[in-house]
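This report refers to the structure that appears directly beneath it.
The values are calculated or read from the model by the stated rules, or taken from the named source; none is laboratory data. Quantities reported herein were computed from a predicted structural model and do not represent experimental measurements. Positions of Cβ are backbone-derived with ideal geometry, glycine not excepted, and every protein chain shown enters the neighbour counts.
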Amino acid sequence: MSKPIYVLSGPNLNLLGVREPEIYGHQTLDDVKRLCEARASAFGCTVVFRQSNHEGELVDWIQEARTEASALVINPAAYGHTSIAILDGLKMLSVPVIECHLSNPASRETFRRKTYVSLAATGVVSGFGAASYELAVEAAAGLARKAK
């Protein structure tokens, strides 16, 4: 069996469906997980789906992905705008990295328009709500297949 695609979500995403639904939608993180699993399965892949409000835990999982993942999808949430530690972790990966956002950061507050994660990402998917995750998993699966 091939290595899974890691799908990591940052702070406050555990409250999807409740937190600012006018921006992030009404789907829960469990809904997003099911979408990711279904999309990965359609490409013959599996996912490891995790969320944390803690920066260090996200860094630990990124480091784990170095040897355990075929690709990484990350929605860093607010950490994308602040975390050099996450950037440094991502720069150590040799697998494709897809940055993912539910909303379109470029159309929001000025401080959201730049992320450190983008400096290490192979590509970015944003602005499609929960479908952003599906599209990111699809991109990750395609890139991982090409990298074999």
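Within the stretch 130-148, how many residues are of a type in the set (A, V, I, L, M, F, W, C) and assigned to a loop (DSSP other than H, G, I, E, B)? Working first, answer last.
Going through the stretch 130-148, the residues of a type in the set (A, V, I, L, M, F, W, C) turn out to be 130-131, 135-137, 139-141, 143-144, 147.
Filter again for assigned to a loop (DSSP other than H, G, I, E, B), leaving 130.
Residues that pass the stated criteria total 1.
Inside the stretch 92-129, can you point out the residues that are modelled with pLDDT of 95 or more, surrounded by 14 or more Cβ atoms within 10 Å (Cβ to Cβ) and in a loop (DSSP other than H, G, I, E, B)?
Of everything in the stretch 92-129, those that are modelled with pLDDT of 95 or more, surrounded by 14 or more Cβ atoms within 10 Å (Cβ to Cβ) and in a loop (DSSP other than H, G, I, E, B) turn out to be Leu93, Val95, Pro96, Ala120, Ala121, Thr122.
Output the residue which, of all residues in the stretch 130-140 that are over 20 Å from Asn14 (Cβ atoms) and not small (Gly, Ala, Ser), is surrounded by the fewest Cβ atoms within 10 Å (Cβ to Cβ).
Checked the stretch 130-140; the qualifying residue surrounded by the fewest Cβ atoms within 10 Å (Cβ to Cβ) is Leu135.
Pairs please, first residue from the stretch 1-24 and in contact (Cβ under 8 Å) with a residue 40 or more places away in the chain and within 23 Å of Val117 (Cα to Cα), second anywhere and outside any loop (DSSP other than H, G, I, E, B) and basic (Lys, Arg), Cβ atoms under 7 Å, 6+ apart in sequence or on different chains.
Going by the 7 Å Cβ cut-off, the qualifying pairs are Leu8/Arg50.
Restricting to the stretch 54-90, give me the number of residues that are over 14 Å from Pro4 (Cβ atoms) and out of contact with any strand residue (DSSP E or B) (no Cβ under 9 Å at 6 or more places or on another chain).
16
Give just the number: which of (1) without any contact (Cβ under 8 Å) to a residue 12 or more places away in the chain; (2) farther than 25 Å from Gly142 by Cβ does Ser41 not satisfy?
(2)
With the stretch 1-90 as the region, which helices (runs of 4 or more DSSP H) entirely inside it contain at least 2 residues that are crowded, with 16+ Cβ neighbours inside 10 Å, of a type outside the set (Asp, Glu) and touching a helix residue (DSSP H, G or I) at 6+ places or on another chain (Cβ under 7 Å)?
Because the criterion is at least 2 residues that are crowded, with 16+ Cβ neighbours inside 10 Å, of a type outside the set (Asp, Glu) and touching a helix residue (DSSP H, G or I) at 6+ places or on another chain (Cβ under 7 Å), the helices (runs of 4 or more DSSP H) in the stretch 1-90 that meet it are 29-42, 55-68.
Name the single residue, out of those in the stretch 71-85 being in contact (Cβ under 8 Å) with a residue 60 or more places away in the chain and β-branched (Val, Ile, Thr), that is nearest to Phe43 (Cα to Cα).
The selected residue is Val73.
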